[in-house]
Amino acid sequence: MRQVADGVHLITGVPPYAINCYLIEHAEGDVLVDAMTRLEGWLILKALRGRTLAAHVVGHAHPDHVGATHAVASKLGIPVWAHAEDAAAVEDTSLIAKRQPDALINTVFAKVMLGPGHPVARTLAEGDEVAGFTVLHVPGHSVGHIALWRERDGVLILGDVLNNQHPLLGFPRGLRLPLQTFTPDPEANRRSAKRLGELPVKVALFGHGRPETDGGRFRAFTGAL
């Protein structure tokens with residue numbers, strides 16, 4: 001686990017940056033954002049050892065973001081928060097593949113990556129506050145996809161609205177839209193990406209790929225979409 005912004009830490013697996021999740025420090029208890037696949041539950045718990053957690057936020061209900069949600073939340077005894085539009089899929093993970101495009105890879109990933117569902121204790125909505133960040137509803141990659149925005153220093157945790165490397169191959173590196181194979185509504189996702197590009201982003205943190213610390217490059221990419 002390493003710090004990538006003030007009070008924000010990256011937890012990544014093997015190979016590095018293939019799938020990421022994040023820890024946000026907060027005086028009332030830290031918040032875990034996303035939980036990779038069920039295969040990385042042990043890795044997340046190891047990274048969080050000694051921390052006091054207040055909640056686990058699901059950025060969006062896909063196999064590589066909620067796979068270890070049940071294992072981690074149960075072990076730590078923390079509530080799970082998710083957008084209302086994705087809450088049902090967090091609670092019943094069998095719904096996730098049905099909500100994605102009809103492709104064999106989505107069926108396979110669901111079987112390999114997903115753990116059991118977990119109750120959602122709080123449904124999030126646009127404008128809610130989470131550990132000093134503001135919730136933004138940015139649908140497209142999933143209907144309930146959210147980003148977390150901290151205006152005071154320009155930190156954006158945007159999940160899979162954009163990737164910063166090819167999500168399967170790991171290369172080429174660089175900003176890109178998520179693969180349509182995993183994106184039920186590409187046009188809505190494109191609009192969400194353009195919306196995020198209008199923010200004065202200084203640090204962008206992705207579900208796949210390295211942090212982007214060049215806000216100008218981020219805005220130039222989204223502006224060209």
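Checked against (1) crowded, with 24+ Cβ neighbours inside 10 Å; (2) more than 24 Å from S94 (Cβ to Cβ), D30 passes all but condition (1). Among the residues of the range 76-116, the one identified as over 23 Å from V138 (Cβ atoms) and under 17 Å from the mean Cα position of the chain (by Cα) is G115. The set of residues in the range 90-120 being without any contact (Cβ under 8 Å) to a residue 40 or more places away in the chain, more than 17 Å from V31 (Cβ to Cβ) and either assigned to a helix (DSSP H, G or I) or touching a helix residue (DSSP H, G or I) at 6+ places or on another chain (Cβ under 9 Å) (or both) consists of E91, T93, S94, L95, I96, A97, K98, L104, T107, V108, K111, P119. From the list F182, F206, the one residue that fits, being closer than 22 Å to Y17 by Cβ, touching a helix residue (DSSP H, G or I) at 6+ places or on another chain (Cβ under 8 Å) and at pLDDT 95 or above, is F182. Among the numbered conditions (1) closer than 27 Å to A224 by Cβ; (2) without any contact (Cβ under 8 Å) to a residue 24 or more places away in the chain; (3) of a type in the set (D, E, K, R), the only one that E187 does not meet is (2). F171 fulfils the conditions (1) part of a helix (DSSP H, G or I); (2) closer than 30 Å to L104 by Cβ; (3) among the hydrophobic types (A, V, I, L, M, F, W, C) except for a single criterion, (1). Looking across A71, A103, A88, A125, one residue alone is closer than 22 Å to L158 by Cβ and aliphatic (A, V, I, L, M). It is A125. I'd like to know if the range 190-201 contains one or more residues that are over 19 Å from E151 (Cβ atoms), among the hydrophobic types (A, V, I, L, M, F, W, C), surrounded by 17 or more Cβ atoms within 10 Å (Cβ to Cβ) and over 17 Å from the mean Cα position of the chain (by Cα). Checked against the condition, which is being over 19 Å from E151 (Cβ atoms), among the hydrophobic types (A, V, I, L, M, F, W, C), surrounded by 17 or more Cβ atoms within 10 Å (Cβ to Cβ) and over 17 Å from the mean Cα position of the chain (by Cα), the range 190-201 yields no hits at all. Summed over the range 24-66, residues that are within 18 Å of V138 (Cα to Cα) and β-branched (V, I, T) total 4.
Filter the range 107-132 down to the residues that are surrounded by 20 or more Cβ atoms within 10 Å (Cβ to Cβ) and on the phi < 0 side of the Ramachandran plot and list them by number. Listed by number, the residues that qualify are F109, M113, L114, G115, G117, H118, V120, L124, V130.
The values are calculated or read from the model by the stated rules, or taken from the named source; none is laboratory data. All figures in this text were calculated on a predicted structure; none of them were measured in a lab. Here Cβ is always computed from backbone atoms with ideal geometry, including for glycine, and neighbour counts include all displayed protein chains.
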